[in-house]
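Beneath this line is the structure, given in structure tokens, with notes to follow.
The values are calculated or read from the model by the stated rules, or taken from the named source; none is laboratory data. Keep in mind the model is a prediction, meaning the values are calculated, not measured. Counting neighbours? That spans all protein chains shown, and the Cβs are built from the backbone with ideal geometry, glycine included. In case anyone asks, the SASA skips ligands and DNA or RNA and just uses the protein heavy atoms, side chains included. Shrake-Rupley method; radii C 1.70, N 1.55, O 1.52, S 1.80 Å.
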Amino acid sequence: MSKTVSLQVSQRAGIGRTALKAVRKAGRVPGVLYGKTKDKTVNSRPIEIDAKKLASILHSSTSENVLVDVELTDPAGKKVDQHLALLQDVQHHPIKDYIIHIDLHEIAQDEILHAEVPVTSIGEPVGVKTGGGLLETMLRTIRVACLPRNLPDLITVDVSHLTIGHSVHVSELTLPEGVTATNPPELPVFSVFAPKEEVAEVPTGEAKQPEVIMEKKVDEAAPAAGAKGGKADAKAPAAKPEGKK
């Protein structure tokens, strides 16, 4: 069952960006308390909460659904009224690790609540232990319907009996009394799959050797014809003119 925590919140007098900065600077978190009037219309009241108290509640919770008994006070600290609410829509600073805004949704104790509850596995599946299989989480949360006081923090599932190729489905979950799963019953929650086999790549053909171009060896003893400056181009001795010795 979800435990209920007490939380004191104060009505926030100021609204707007400047007022929000002032609230955060004072070590408090701005938020909104949503409720329903007698004619079923939704009303909202701006509130502020002590930042350290809020962080402590969230850090100690295993679920995103925190059920709180809200004591609402005026800015002077005088108690106004009390509500049962769900702490939701927690907004964090995108860079720094602190809460910048939060919403509280008032609920009735006798009204069916619809929420998502995290699910976790216990035990080592037979298919993993003896068959080398892999356990996969198919659903990380389960949608449930129940009265607020019956809302579980966490749903645990024993998977030790699972062999390769088998699953635990929504219809097979053991839920606390008064809690009903609203997901399709055939959906798997945990499954054990066979290990993937590594397939060796088969060459499609013989690898071709790179073509090697051999450099033609030049005969050093026979310089290329026509090369300037070579001995082959040396001029022959001039012929003697006739009649002269």
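Counting only residues that are over 19 Å from Leu104 (Cβ atoms) and outside any helix (DSSP H, G or I), which one in the range 2-26 is most open to solvent (accessible area, probe 1.4 Å)? Talk me through it step by step, then tell me what you get.
Pass one, the range 2-26, residues over 19 Å from Leu104 (Cβ atoms): 16-18, 21-22, 25-26.
In the following step, the residues that additionally are outside any helix (DSSP H, G or I) were identified as 16, 26.
Working: Gly16: 40, Ala26: 73 Å².
So the residue we want is Ala26.
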Report task. Name the single residue, out of those in the range 153-169 being among the small types (Gly, Ala, Ser) and touching a Pro at 6+ places or on another chain (Cβ under 9 Å), that is farthest from Ile142 (Cα to Cα). Result -> Ser160
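Among the residues of the range 142-159, which ones are open to solvent by 60 Å² or more (accessible area, probe 1.4 Å) and outside any helix (DSSP H, G or I)?
Kept after step one, since they are open to solvent by 60 Å² or more (accessible area, probe 1.4 Å), are these residues of the range 142-159: 143, 147, 149, 154, 156, 158.
Answer for the range 142-159, where residues must be open to solvent by 60 Å² or more (accessible area, probe 1.4 Å) and outside any helix (DSSP H, G or I): Arg143, Leu147, Leu154, Thr156, Asp158.
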Report summary line: Expected single match for in contact (Cβ under 8 Å) with a residue 40 or more places away in the chain, touching a His at 6+ places or on another chain (Cβ under 7 Å) and not aromatic (Phe, Trp, Tyr) among Ile100, Ile107, Ile49, Ile57 is Ile100
Query - Among (1) of a type in the set (A, V, I, L, M, F, W, C); (2) surrounded by fewer than 15 Cβ atoms within 10 Å (Cβ to Cβ); (3) more than 22 Å from the chain's Cα centre (by Cα) - the single one Ile57 does not satisfy - result: (2)
Requested in this report: Assess whether Val119 counts as being among the β-branched types (Val, Ile, Thr), under 21 Å from the mean Cα position of the chain (by Cα) and surrounded by 17 or more Cβ atoms within 10 Å (Cβ to Cβ).
Outcome: yes
Report task. Return yes or no: is Leu87 touching a residue at least 60 places away in the same chain (Cβ under 8 Å), within 20 Å of Tyr34 (Cα to Cα) and buried (at least 17 other Cβ atoms within 10 Å of the Cβ)? Result -> yes
Requested in this report: List every residue pair whose Cβ atoms lie under 8 Å apart, where the two residues are 6 or more positions apart in sequence or sit on different chains, the first residue falls within the range 1-19 and is on the phi < 0 side of the Ramachandran plot, and the second residue, located anywhere, is at pLDDT below 80 and open to solvent by less than 30 Å² (accessible area, probe 1.4 Å).
Outcome: Ser2/Ser63; Ser2/Asn65
**Report entry** Cβ pairs under 9 Å, 6+ apart, first in the range 162-175 and more than 11 Å from Val119 (Cβ to Cβ) and in contact (Cβ under 8 Å) with a residue 24 or more places away in the chain, second open to solvent by less than 70 Å² (accessible area, probe 1.4 Å) and aromatic (Phe, Trp, Tyr)
**Finding:** Leu162/Phe190; Ser167/Phe190
